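The values are calculated or read from the model by the stated rules, or taken from the named source; none is laboratory data. These figures come from a predicted structure and were not determined experimentally. Positions of Cβ are generated from backbone atoms using ideal geometry, with glycine treated the same way; all protein chains shown enter the neighbour counts. Ligands, DNA and RNA are stripped out before the accessible areas are found, and what is left, the full protein with its side chains, is counted by its heavy atoms. Shrake-Rupley method; radii C 1.70, N 1.55, O 1.52, S 1.80 Å.
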Amino acid sequence: MPICPVCEYRSTEWKEVAGHLYSLTRKSDATHVMWLNRNLTIKEVDVEKLSEMLEEFFSIRGELSSWIREKFIQKFYGENPHPFILAMQKPNRAVLLGYVIEHQHFLKNWVKVLSEIIFKTDEDDVVKYELDNINVEYFGYNGKPSHYELLLRMGESLGMPRKEILGYSPLPSTKTAINTWRRIAIERDWVETLAAMHSLELVADKTLRKYGAKMHYFNEAILTSNDYPQEVKDFLREGYEADQSHAGEALTLVDKYSKDEERVQVTVLRSFDAFAKYLTARLERAMEFDSKVILQ
Ligand SMILES: [Zn+2]
């Protein structure tokens, strides 16, 4: 059912939603204008055209998970890949340190939000999936260190003591992004939270190029290069090997349990915006170590 992606005003027709969005943007309502500019167009269009664009944007061909994957690629790997992903094609020490310092906060919040999904759901396969994920992220498995531990080791290998890494507070952009995800976890249905969080794991999904992504999350040559410490390769390889199944499995659960697809779509888009902001924060932090890491 047609939905306003900002305030969730609902109608039986996209034309009515378009009229609603149109009149609010004419009144310069900041959140509606921002959504429109970020997702559809920065040019002014009439209601008729807007209605067509909205319908096209939200139409699901096949499964909801295909729509999520397609939008993720458009936003992060499309014509203009996110600047952090561009930086990861040849990351220097500053970029990797920016990654480590901000990501520790992301990972701590990650497991908290997943716990909220567990708290809210009655589905055993979802509980098990989330517990496995928390385990891998925070405790490690089969004797392997956790992602969190691998991240800290990467930082140490770049010459920053663990104590110093842990002493950093998150940058404001990271904090804002984290607050968005916390709000989603508390206020929205667990399926929406599941979709919002695990679709982010698509970022490192190896198979994304099959669906049209222009590049991978990082240049895979790093994994065999002698220019990077082993700990950097260990951290990147872990995500490279794990997140493909993570994101894919979670999206299958989203397809299985979603009842209100439009609400899931709207929440996922919010999560993508937060993620873009958060990835930028990693670069902002990197600039403290190398002012030539340029934000685009
Ligand atoms: Zn609205």
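Remark on region 108-215: Rg and Dmax equal 15.8, 45 Å (Cα only). Length gained on full extension, K259 to L107, computed as 0.36 nm times the residue gap minus the Cα-Cα distance: 51.9 nm.
Please state, to two decimals, what the Cα-based radius of gyration of region 6-79 comes to when divided by 2.2 N^0.38 Å (N = residues).
On the way: Rg = 12.9 Å, N = 74, 2.2 N^0.38 = 11.3 Å.
The value comes to 1.14.
The number of Lys pairs in region 49-166 with C-alpha atoms less than 17 Å apart, excluding pairs fewer than 8 positions apart on the same chain, is 4.
Taking all protein chains together and a probe of 1.4 Å, list T267, T207 from the most accessible to the least accessible.
Details: T267 0, T207 35 Å².
Correct descending sequence by accessible area is T207, T267.
Here the calculated FRET efficiency for F119 and E241, from their Cβ-Cβ distance with R0 = 35 Å, stands at 0.75, rounded to the nearest 0.05.
Between region 187-227 and region 83-149, the alpha-carbon centres lie 12 Å apart. Run a plain Debye calculation on region 166-272 (Cα atoms as equal point scatterers, no solvent) and give log10 I(q)/I(0) at q = 0.16 Å⁻¹, rounded to two decimals, same order as the q list. At q = 0.16 Å⁻¹ the computed log10 ratios are -0.87.
Name all residues of region 1-15 having a backbone nitrogen under 11 Å from the label point set 7 Å from the Cα of E55 along its Cα→Cβ direction, giving them as ranges. Under 11 Å, as judged by backbone N against the label point of E55, lie 13-15 of region 1-15.
M34 exposes around 90 Å² of accessible area when a 1.4 Å probe is run over every protein chain in place.
By the Stokes-Einstein formula, at 1.002 mPa s and 20 °C, the chain with its Kirkwood radius over alpha-carbon pairs has D equal to 107 µm²/s. Between the listed residues F218, N135, S11, the Cα displaced farthest toward the positive end of the dipole of the chain, a dipole computed from Cβ unit charges relative to the Cα centre, is found at F218. Here the 3J(HN,Hα) profile of region 120-127, calculated from phi with Karplus coefficients 6.51, -1.76 and 1.60 at θ = phi - 60°, is 8, 8, 10, 8, 4, 5, 6, 4 Hz, Gly and Pro shown as x. Taken along the Cα-to-beta-carbon direction at a fixed 7 Å, the label points for C7 and S66 span 3.4 nm. For region 93-138, the orientation-averaged shadow of the C-alpha convex hull comes to 3.4 nm² (one quarter of the hull surface). With helices as the sole contributors, the chain gives -21000 deg cm²/dmol at 222 nm; each DSSP H run of n ≥ 4 counts as -39500 (n - 2.57), and the sum is divided by every residue.
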